[in-house]
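For reference, the structure is listed below as structure tokens.
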Amino acid sequence: MFGGRGVPVALCAAALAVTSLVGAPAAQAGGPAVAGGQIVCAGKEDTTYTPGLSLTPRPTDLSARSAYLCTVRPGRTVEAAGTTEGTSPDASCLALNSPRARERVDFPGGRRLAIEYEGSAVRVLGANVVHLTGHVVEGFAGVPAGTAVTRDVGLLPAALPTECATGEVRSATGQGQLRIGV
């Protein structure tokens with residue numbers, strides 16, 4: 001089904017499924033959400049690393065693009081686009097240590113959120129599973145600054161994991177979930 005990546009893909013999916021069940025109350029009817037519930041977004045993410053990840057830990061910048069489908073209230077979903085820029089002070093193919101990031105999420109109608117995160121990442125069978133917690137720093141009606149946010153991402157490197165032994169892993173792709181109003 002996924003070629004040689006079946007096990008890591010399954011682990012990423014399982015990790016995201018578990019995190020989606022933990023502390024995720026359903027959004028309540030009316031309004032776009034946080035005042036009485038939660039916005040939950042999920043979708044594909046593409047991430048690049050500069051410099052690329054190698055076996056040697058070093059400061060690394062990351063840049064990610066996310067295409068989300070967001071449930072803003074029961075029965076109502078909207079598309080949103082996320083752009084994340086961040087850094088890990090000690091990243092390698094083995095881990096993204098203490099990543100910090102800022103994400104901009106663009107919703108329909110010109111509404112935009114800016115979110116700041118801190119987090120942790122673990123590597124499981126070649127896949128990076130990243131958990132970030134943060135808060136909205138720029139919001140809009142219904143999602144004010146200070147609103148709590150969590151973000152979970154499961155990423156598979158675009159190159160084979162053995163690429164770390166001979167070069168660098170410069171990008172990864174996977175699935176992410178964003179919960180606004182935890």
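Read-outs: derived from the displayed coordinates by stated rules, not from any lab. All of these numbers come straight from a predicted model, not from anything done at the bench. Here the Cβ positions follow ideal geometry from the backbone for every residue, glycine too, while neighbour counts run over all protein chains shown.
If amide hydrogens are placed 1.01 Å from N in the peptide plane, which non-local residues have theirs closer than 5 Å to the one on G52?
none
Convert each backbone phi in the stretch 128-136 into a coupling constant with the Karplus relation 6.51 cos²θ - 1.76 cosθ + 1.60 (shift: θ = phi - 60°), then list the ³J(HN,Hα) values in order as whole Hz, x for Gly and Pro.
Once rounded to whole Hz, the list reads 8, 10, 10, 10, 10, 10, x, 8, 6.
Please work out the C-alpha center-to-center distance from the stretch 83-150 to the stretch 162-182 and express it in whole Å.
For the stretch 83-150 versus the stretch 162-182, the Cα centre distance is 13 Å.
Would you mind computing Rg(Cα) / (2.2 N^0.38 Å) for the stretch 28-182, counting N as its residues?
For the stretch 28-182, the normalised Cα radius of gyration is 1.07.
What does the charge add up to near S54, with Lys and Arg as +1, Asp and Glu as -1, over the other residues with Cβ less than 11 Å from its Cβ?
My count for the surroundings of S54 gives 0.
Most exposed first by the Cβ proxy, i.e. fewest other Cβ within 10 Å, how do V72, V130 rank?
Final ranking by Cβ density, sparse to dense: V72, V130.
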